Amino acid sequence: MIFIEILQTIKNAITFLDTWESEVKNLTIAEAAFLSKDTAEGLRVTLQSTLDIIHLLHRAGYKYVLTAKVNQDKLEVSFVSSL
């Protein structure tokens, strides 16, 4: 089933990111060969949030999740304009 394959691909990406980061911490690879801490954490949060949204919508009966339609642009605009 494609749904399960997509979820597994996202989980694999999180595992890859974790492994890659641990290789830097273990000095297996140079720190310059890894992402910045903020970028790594942002990517990890995005991947996990995508998994959570897909699970939530799937349980609610949705057959498809168009992740390209999920963004926070309006939230960012309202936040920035309030500064």
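The values are calculated or read from the model by the stated rules, or taken from the named source; none is laboratory data. Note that the structure is a prediction, hence the values are computed from the model and not measured. Because the Cβ atoms are built from the backbone with ideal geometry, glycine has one as well, and the counts that use them run over all protein chains shown.
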Subset of segment 53-66 [surrounded by fewer than 10 Cβ atoms within 10 Å (Cβ to Cβ) and of a type outside the set (Gly, Ala, Ser)]: Arg59, Lys63, Tyr64, Leu66
Some residue of segment 53-72 being under 18 Å from the mean Cα position of the chain (by Cα), more than 19 Å from Ile2 (Cα to Cα) and modelled with pLDDT of 95 or more: no
In segment 1-13, the residues that are surrounded by 15 or more Cβ atoms within 10 Å (Cβ to Cβ) and modelled with pLDDT of 95 or more: Ile10, Ala13
Scan of segment 1-42 for residues that are touching a residue at least 12 places away in the same chain (Cβ under 8 Å) and hydroxyl-bearing (Ser, Thr, Tyr), ordered by number: none
Of all residues making up segment 12-23, the number that are in contact with a Leu (Cβ under 9 Å, 6 or more places away or on another chain) and over 20 Å from Thr50 (Cα atoms): 2
Qualifying positions in segment 15-48 - within 20 Å of Ala68 (Cβ to Cβ) and hydrophobic (A, V, I, L, M, F, W, C): Leu43, Val45, Leu47
Selection within segment 26-51 - at pLDDT below 95 and basic (Lys, Arg): Lys37
Positions within segment 30-64 being outside any helix (DSSP H, G or I) and within 25 Å of Gln8 (Cβ to Cβ), in sequence order: Phe34, Leu35, Ala60, Gly61, Tyr62, Lys63, Tyr64
